[in-house]
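One structure below.
FYI, it's all coordinate maths here, none of it is from the lab. Just so it is clear, the structure is predicted and the values come from calculations on it, not from any experiment. Glycine also receives a Cβ, built like all others from the backbone with ideal geometry; neighbour counts cover every protein chain displayed.
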Amino acid sequence: MSLKNPDAIAALVSALRVVHGDEVARTMLQEGMSLAKMIDTMFSAPIAHRDAVRYVASALDDFAITPQLGPVWHLRYLYDDQPGSFRVVDMEIATPPYVPVL
């Protein structure tokens, strides 16, 4: 199986190894991790936040995400609170509210 974004996956794996160590990174990759943990790891790694955002957004296509995000979702970027700042300090997945079908 070929990866859609091998550079993003390599950056993510490197960040996992740097932030959590080899054994924990291996376990997280084999057994799964939350999307929040992936984002936190990337923002904790010694890379620019703009690169962390780019890598996470690119890597999502290569991961099995459960529950599935569905057809309507988008990444929302949270910026530094200084006026006019474009420095991303966090990101989140925005999805429409779940409405059960009765």
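Observations, loosely collected:
- Exposure proxy ranking for Ser58, Ser2, based on other Cβ atoms within 10 angstrom of each Cβ and starting from the fewest, stands as Ser2, Ser58.
- 11 Å beta-carbon shell around His20, net charge (K/R +1, D/E -1): 0
- Grouping the Cα pair distances of segment 6-94 into 10 Å bins from zero gives a pair-distance distribution of 16, 49, 29, 6, 0 percent in increasing distance order.
- FRET efficiency for the pair Asp81 and Val13, taken as 1/(1 + (r/R0)^6) with r the Cβ-Cβ distance and R0 = 35 Å, rounds to 0.65.
- Neighbourhood net charge (12 Å Cβ-Cβ; Lys/Arg +1, Asp/Glu -1) for His49: 0
- Proximal charge balance of Ala36 [Cβ under 12 Å; K/R count +1, D/E count -1]: -2
- Taking Cα centre as origin and charging only the Cβ of basic (Lys, Arg, +1) and acidic (Asp, Glu, -1) residues, the dipole magnitude of segment 6-94 rounds to 80 debye.
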